[in-house]
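I have placed the structure first, in the form of structure tokens, so that the comments after it can refer back to it.
The values are calculated or read from the model by the stated rules, or taken from the named source; none is laboratory data. What you are looking at is a predicted structure, and each value in this text was computed from that prediction instead of being measured. Using ideal geometry, Cβ is built from the backbone for each residue, glycine included, and neighbour counts are taken over all protein chains shown.
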Amino acid sequence: MNEKLLFQIRSPEDLKGLNISQLEELAREIRERIIRQVSSSGGHLSSNLGVVELTLALHYVFQAPQDLILWDVSHQSYAHKLITGRASQFDKLREADGLSGFTSREESVYDVSSMGHSSVALSQALGLRAARDIKGQNHKIIAVMGDGSFTGGVAFEGLNNAGQLKKDLIVILNDNEHSISKNVGAMAKHLAKLRASRKYQRIKLLTKKFFRRFPRFGTWAIRNIERLKVIIKAVLLPSLLFESLGFSYLGPIDGHDLKALIEVLRQAKNLSTPVVVHVATVKGKGYPPAEKDPVFFHSAPPFEVETGKPKNPSQRSFTDVVSGTLSLLGFQNKDFACITAAMADGTGLKEFGRLFPERFFDVGIAEQHAISFAAGLALGGLRPVVALYSTFLQRGFDQLIHDVCLQDLPVIFLIDRAGVVPGDGPTHQGVFDLSFLRVIPNLSILTPSSGEELKDMIFTAFLHSSPVAIRYPKASIPEGNLPLSGFSEIPWGRGVCIKEGKDASILVWGPILQEARSASDILEKEGLSVGIYNLRFLKPLDEALVLKAYKESRLLFTLEENLIFGGAGSSILEFLSQRGLDTGKVILKGLRGVPRIGTREQLLSRAGLDSKSLASEIKEMLEKIKAGSQRYA
């Protein structure tokens, strides 16, 4: 593969000497490099292919790292990484000890902020702008935000504040009509009007030329041209949002025309007021399969470059179980409704939306609104399901408490990507939810260990009259195939004793149960008896089952995919302590820090939560107890 120009780029400064045709050739090389790498490692393809020219233009016009470029979400920062000194490391993208798939302050001075969540770049940029003023500096600050990010409430808060403060700030609106799924809502419709507004730009230019032909009248008209612009916009661009909030507006610009991009960015650079530069791009640009299906290639598995087809047949996942279960429940009950926050595909709700469009709601990247909206549906007599990734549920903490749980409303929360999450790194790890959900009143918390349990838990939650959270990982289901049998109600608050053990017992929540089983099998071959208890519920806790395991075993381990602090193991210590029982024999196994980048297997192994590590630790502790050398607390 010929990467003659890319090989020469060590920093953005190396772009400055290139002409337009050379920049266009560099864009082609970057695109090919991204396609080749993501086809091997997996990753965010569509969004990165769409911003290649925009990335080059930004670094061509501005002086990073002195000028600060923030990439909202930052899943589209691959080209940025390639031209900021990381091309030689790019073959380790999204691998353990390799490059993050997002911007990372640990990696480079060109990465201003470590971002993995949407809609926050504008607020951070405004803070950087204020800090610049206080320090008496004069660099430029640029926030690159997708149109999907503008469906998030935080973006509107930032817009409102920035327009009020009237500080020079450059916001790049990268408009590709998608976030992860197709964009929805009033903002998407508004941007569609703006994309069609080149007529306005042409008419404005022709109008000025026309009035200059009449010196007396024309001078007056041009002096009052701002008033004329308002009239034209009122006709062609009703309710132009950005200018009404105090921003100048430039665009829309073809996001793949380097010459036009460089010209408009230079204009924006010279403005002393906040400005929105509206750039229209094509998600997946330059790779036909990604252009045709930008949703699939948003976060793609490894694929064949020639065909775009996945290299490995996908295994059935917990998300697949959700998809089938919700669709069946939708047929059985007309009061059943589903809500997602711009992630219909990722959370498995796409099929439900196809079958029951009148009961399916995609609210955009607005998790707080999604939860409050669900509360309204419940107050109106429906049974809503809110499906979110664990890392994004964090945004709705107040709404969980105030709108749903304090009112004890029957909303079901399906929490995808809970526990360790492969590939995406710290910003996407779902390791906080057990800790923050556990403190919320009236909320039950369920943790399925298999696809069959997940199916039945969703059904059981539907029979329950209070809020329920069900959390499950980004992983294939242990049984391999989707559960095909009918629904069974799970006894509320009851776990299952899978195997009794007199030497030690493991209390488990979730599919990490498979690691506990394997550890027990390893130790059984060495003559040790280790029990396994699948608790299934964190709230309410199966107290009788916990006491059984506690009394029958010399050591009691708790095993969870969550931070130890405040998690499931902590609930066991609290329960035993409240009853005056000795907690010295209880060992908590979970995460002691936020996982980095790696496969699921690597992340569990690094945390000591894989079967071999568990077996080794259990054996070691039992040997020390037997030798009487130490008591464990």
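Tally up the residues in the stretch 74-100 that are closer than 23 Å to LEU5 by Cα and either in a loop (DSSP other than H, G, I, E, B) or in contact with a Cys (Cβ under 8 Å, 6 or more places away or on another chain) (or both), please.
Here the count works out to 6.
Yes or no: SER605 closer than 29 Å to ASP424 by Cα and part of a helix (DSSP H, G or I)?
Yes: the conditions hold for SER605.
What pairs come out if I take residues in the stretch 277-294 that are at negative phi and pair them with residues that are modelled with pLDDT under 95 and β-branched (Val, Ile, Thr) whose C-beta lies under 6 Å away, six or more apart or interchain?
Note: pairs meeting the criteria are VAL279/ILE253.
Let me spell it out: the conditions are (1) surrounded by fewer than 20 Cβ atoms within 10 Å (Cβ to Cβ); (2) modelled with pLDDT under 95; (3) of a type in the set (Gly, Ala, Ser), and GLY251 meets all of them except one. Which number is the exception?
GLY251 satisfies all of (1) surrounded by fewer than 20 Cβ atoms within 10 Å (Cβ to Cβ); (2) modelled with pLDDT under 95; (3) of a type in the set (Gly, Ala, Ser) except (1).
Can you tell me how many residues within the stretch 451-463 are more than 25 Å from the chain's Cα centre (by Cα) and under 16 Å from ARG536 (Cα atoms)?
6
Residue by residue through the stretch 295-322, note down the ones that are out of contact with any helix residue (DSSP H, G or I) (no Cβ under 9 Å at 6 or more places or on another chain), without any contact (Cβ under 8 Å) to a residue 24 or more places away in the chain and either surrounded by 14 or more Cβ atoms within 10 Å (Cβ to Cβ) or aromatic (Phe, Trp, Tyr) (or both).
PRO310
With (1) modelled with pLDDT of 95 or more; (2) under 15 Å from ILE365 (Cβ atoms) as the list, and SER149 as the residue in question, which single condition is left unmet?
Failed condition: (1).
Answer yes or no as to whether GLU489 is in contact (Cβ under 8 Å) with a residue 24 or more places away in the chain, of a type outside the set (A, V, I, L, M, F, W, C), surrounded by fewer than 16 Cβ atoms within 10 Å (Cβ to Cβ) and outside any strand (DSSP E or B).
For GLU489, the condition - in contact (Cβ under 8 Å) with a residue 24 or more places away in the chain, of a type outside the set (A, V, I, L, M, F, W, C), surrounded by fewer than 16 Cβ atoms within 10 Å (Cβ to Cβ) and outside any strand (DSSP E or B) - is met.
Looking for whichever is among the aliphatic types (A, V, I, L, M), out of contact with any Gly (no Cβ under 8 Å at 6 or more places or on another chain), modelled with pLDDT under 90 and crowded, with 17+ Cβ neighbours inside 10 Å here; the options are LEU241, LEU228. Which one fits?
That would be LEU241, the only listed residue that is among the aliphatic types (A, V, I, L, M), out of contact with any Gly (no Cβ under 8 Å at 6 or more places or on another chain), modelled with pLDDT under 90 and crowded, with 17+ Cβ neighbours inside 10 Å.
VAL404: crowded, with 24+ Cβ neighbours inside 10 Å and part of a helix (DSSP H, G or I), yes or no?
Spelling it out, VAL404 is indeed crowded, with 24+ Cβ neighbours inside 10 Å and part of a helix (DSSP H, G or I).
From SER435, SER449, SER476, grab the single residue that is polar (S, T, N, Q) and crowded, with 24+ Cβ neighbours inside 10 Å. Step through it out loud before you land on a result.
On the way: SER435 fails: crowded, with 24+ Cβ neighbours inside 10 Å; SER476 fails: crowded, with 24+ Cβ neighbours inside 10 Å.
Checking each option against the conditions leaves just SER449.
Cβ-Cβ distance below 7 Å, separation of 6 or more or different chains: which pairs start in the stretch 24-49 with a residue that is assigned to a loop (DSSP other than H, G, I, E, B) and end on one that is surrounded by fewer than 19 Cβ atoms within 10 Å (Cβ to Cβ)?
Every condition considered, the pairs that remain are GLY42/PRO301; GLY42/PRO302.
So for the stretch 111-122 (the condition being part of a helix (DSSP H, G or I) and within 24 Å of the chain's Cα centre (by Cα)), does at least one residue qualify?
Yes: one or more hits.
Inspect the stretch 375-392 for any residue being touching a His at 6+ places or on another chain (Cβ under 7 Å), polar (S, T, N, Q) and in contact (Cβ under 8 Å) with a residue 60 or more places away in the chain and give the result as yes or no.
Yes, because at least one residue in the stretch 375-392 is touching a His at 6+ places or on another chain (Cβ under 7 Å), polar (S, T, N, Q) and in contact (Cβ under 8 Å) with a residue 60 or more places away in the chain.
Is it true that THR103 is assigned to a loop (DSSP other than H, G, I, E, B) and either in contact (Cβ under 8 Å) with a residue 60 or more places away in the chain or in contact with a Gly (Cβ under 8 Å, 6 or more places away or on another chain) (or both)?
no
Here is a yes/no grid of residues against (1) of a type outside the set (Gly, Ala, Ser); (2) closer than 21 Å to ALA418 by Cβ; (3) in contact with a helix residue (DSSP H, G or I) (Cβ under 7 Å, 6 or more places away or on another chain):
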position: PRO478; (1), (2), (3): yes, yes, yes
position: GLU489; (1), (2), (3): yes, no, yes
position: SER505; (1), (2), (3): no, no, yes
position: VAL508; (1), (2), (3): yes, yes, yes
position: GLN514; (1), (2), (3): yes, yes, no
position: ALA519; (1), (2), (3): no, no, yes
position: LEU523; (1), (2), (3): yes, no, yes
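Going by what's in this entry, would ALA568 be described as touching a residue at least 60 places away in the same chain (Cβ under 8 Å), under 25 Å from ASP433 (Cβ atoms), surrounded by 18 or more Cβ atoms within 10 Å (Cβ to Cβ) and in contact with an Asp or Glu (Cβ under 8 Å, 6 or more places away or on another chain)?
Taking the combined requirement at face value, the residue satisfies it.
For residues that are under 17 Å from ALA374 (Cα atoms) and of a type outside the set (A, V, I, L, M), scanning just the stretch 452-470, find the one that is surrounded by the most Cβ atoms within 10 Å (Cβ to Cβ).
Per the stated criteria, the residue is PRO467.
How many residues does the stretch 142-172 contain that are surrounded by fewer than 22 Cβ atoms within 10 Å (Cβ to Cβ), over 22 Å from the mean Cα position of the chain (by Cα) and among the small types (Gly, Ala, Ser)?
So the count comes out to 1.
Could you pull out the residue among ALA342, ALA300 that is in the same structural domain as LEU454 (by TED's automatic domain parsing), out of contact with any Cys (no Cβ under 9 Å at 6 or more places or on another chain) and aliphatic (A, V, I, L, M)?
Selected residue: ALA342, the only one of ALA342, ALA300 that is in the same structural domain as LEU454 (by TED's automatic domain parsing), out of contact with any Cys (no Cβ under 9 Å at 6 or more places or on another chain) and aliphatic (A, V, I, L, M).
Restricting attention to the stretch 338-374, report how many residues are over 23 Å from the mean Cα position of the chain (by Cα) and in contact (Cβ under 8 Å) with a residue 24 or more places away in the chain.
Number satisfying all stated conditions: 3.
For the structure I just gave you, tell me whether LEU400 is farther than 22 Å from GLY330 by Cα, under 17 Å from the mean Cα position of the chain (by Cα) and assigned by TED's automatic domain parsing to the domain that holds PHE432.
Answer is no for this residue.
Are there any pairs, at least 6 apart or on different chains, whose C-beta atoms fall under 7 Å, with the first in the stretch 126-148 and in the same structural domain as SER113 (by TED's automatic domain parsing) and the second among the aromatic types (Phe, Trp, Tyr) and at pLDDT 95 or above, and if so, which?
What qualifies is LYS140/PHE62; ILE142/PHE62; VAL144/TRP71.
Mind checking whether some residue in the stretch 425-441 is closer than 21 Å to GLN399 by Cβ, part of a strand (DSSP E or B), touching a His at 6+ places or on another chain (Cβ under 9 Å) and in contact (Cβ under 8 Å) with a residue 24 or more places away in the chain?
no
Return yes when PHE575 is among the aromatic types (Phe, Trp, Tyr), surrounded by fewer than 23 Cβ atoms within 10 Å (Cβ to Cβ) and assigned to a helix (DSSP H, G or I) and no when it is not.
Numbers: among the aromatic types (Phe, Trp, Tyr): yes; surrounded by fewer than 23 Cβ atoms within 10 Å (Cβ to Cβ): yes; assigned to a helix (DSSP H, G or I): yes.
So PHE575 fits the description; yes.
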